[in-house]
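Data block below; observations after.
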Amino acid sequence: MATLSIVRNMSAALLWFRTKCTSSLYYCAANQKIILREDNQILRSPNAFFSTHAKTMFIQTQETPNPNSVKFMPGCKVLESGTVDFPSPKEAHRSRFAKLLFKIDGVKSVFFGSDFITITKFDDDALDWKLIKPDIYATIMDFFSTGLPVMDRETEFEQPYVAHGAGDCNDDETVQMIKELLDTRIRPTVQEDGGDIIFMGFEEGIVKLKMQGSCTGCPSSAVTLKNGVQNMLQFYIPEVMGVMEVDDELDGLAKKEFEAFEHKLKINENNYKKTD
């Protein structure tokens, strides 16, 4: 059974529901906000301005197969269509909302779906979700209260990823069938877990797929690809011999740049210790 606690502070009221697998936050505020921890103790209540059209917000959180990822559902549209992946702060230049989320300590990547936001934290035992969630709640509520668009700009190469559809005249029949299965049978299930799976190509019987959101770095992603995606594709499409997880070229470059930057920081840190 869900437990209910009510905290009153001036004109603000917060209801916290806690269930076995899902936690929810109901927020009603004028110019105050209260964030609760799971033991119902007040963490903080900073002043915030909320426009009249966004005085209430109901945020649900859902655990994912990836222990480092949590799915946040604000109860409103996040994207009109498609999904957008921000594997690092560098990719957040086209979304003010994503930039704000990356400012939270411990946030590694951000993923937007049609009605949810998946946050992935760094794989560090010291980073507890109980410490990170309050700041994420506050950032989500503050942003949606402004009424600003989630995406700042969408150029030809930066639009949210949408379903391919089976009617692309440039694809052969096999590729069309693969895309249709992915878009109608597989991607909706993956998005339920706060991630996405993107078609990257089909060569010599191998379907190349890119994992996003909670699926990136998930311990069970390999099992999902082999036992779930591969089996379904092979059942319906005999031409499919297997599936392979790949990254696009930009992701590879970004990863190399991040690793080089991290290495440089370690060198500077060691040099600093030697001078002390």
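Any read-out appearing in this document is the output of simple, stated calculations on the displayed coordinates, not a laboratory observation. All values derive from a computational prediction rather than experimental measurement. When we count neighbours, we look across all protein chains shown, and the Cβ atoms used for this are built from the backbone with ideal geometry, even at glycine.
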**Prompt:** Out of residues 5 or more away from Gly75 or on other chains, whose amide H comes under 5 Å of its own, with H placed 1.01 Å from N in the peptide plane?
**Reply:** Gln60
**Item:** Estimated vicinal HN-Hα couplings, Hz - the range 203-220 in sequence order (Karplus 6.51, -1.76, 1.60; Gly, Pro = x)
**Value:** 9, 6, x, 9, 8, 9, 10, 10, 8, 9, x, 5, 6, 6, x, 6, x, 9
**Message:** For a Förster distance of 22 Å, can you work out the FRET efficiency between the beta-carbons of Lys103 and Asp123, rounded to the nearest 0.05?
**Reply:** 0.65
**Message:** With every atom except the alpha carbons ignored, what do you get for Rg and Dmax of the range 187-230, in angstroms?
**Reply:** 10.3, 31
**Message:** Show me, for the range 114-130, the HN-Hα J-couplings you get by feeding each phi into the Karplus relation (A = 6.51, B = -1.76, C = 1.60, θ = phi - 60°), rounded to Hz, glycine and proline as x.
**Reply:** 5, 9, 8, 10, 9, 10, 10, 9, 5, 7, 9, 4, 6, 8, 8, 4, 5
**Message:** Quick query: amide H of Lys108 versus all other amide H atoms, modeled in the peptide plane; which residues come in under 5 Å with a sequence gap of 5 or more or a different chain?
**Reply:** Thr120, Lys121, Phe122
**Message:** Let's test the formula: R0 of 35 Å, r as the Cβ-Cβ distance of Lys208 and Glu63. What FRET efficiency results, to the nearest 0.05?
**Reply:** 0.75
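As a quick test, which of the pairs Lys99/Lys179; Lys121/Lys210; Lys121/Lys179; Lys77/Lys226; Lys103/Lys210; Lys103/Lys179 have an alpha carbon distance above 28 angstrom in this structure? Spell out each step's value before the answer.
Values: Lys99/Lys179 32 Å; Lys121/Lys210 20 Å; Lys121/Lys179 31 Å; Lys77/Lys226 32 Å; Lys103/Lys210 26 Å; Lys103/Lys179 36 Å.
Violating the 28 Å limit, Cα to Cα: Lys99/Lys179; Lys121/Lys179; Lys77/Lys226; Lys103/Lys179.
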**Message:** Expected output is a single nm value to one decimal: the length gained when fully extending between Asp172 and Lys77, i.e. 0.36 nm times separation in residues minus the C-alpha distance. What is it?
**Reply:** 30.7 nm
**Prompt:** So what are the radius of gyration and Dmax for the Cα set of the range 77-135, in Å?
**Reply:** 11.6, 36
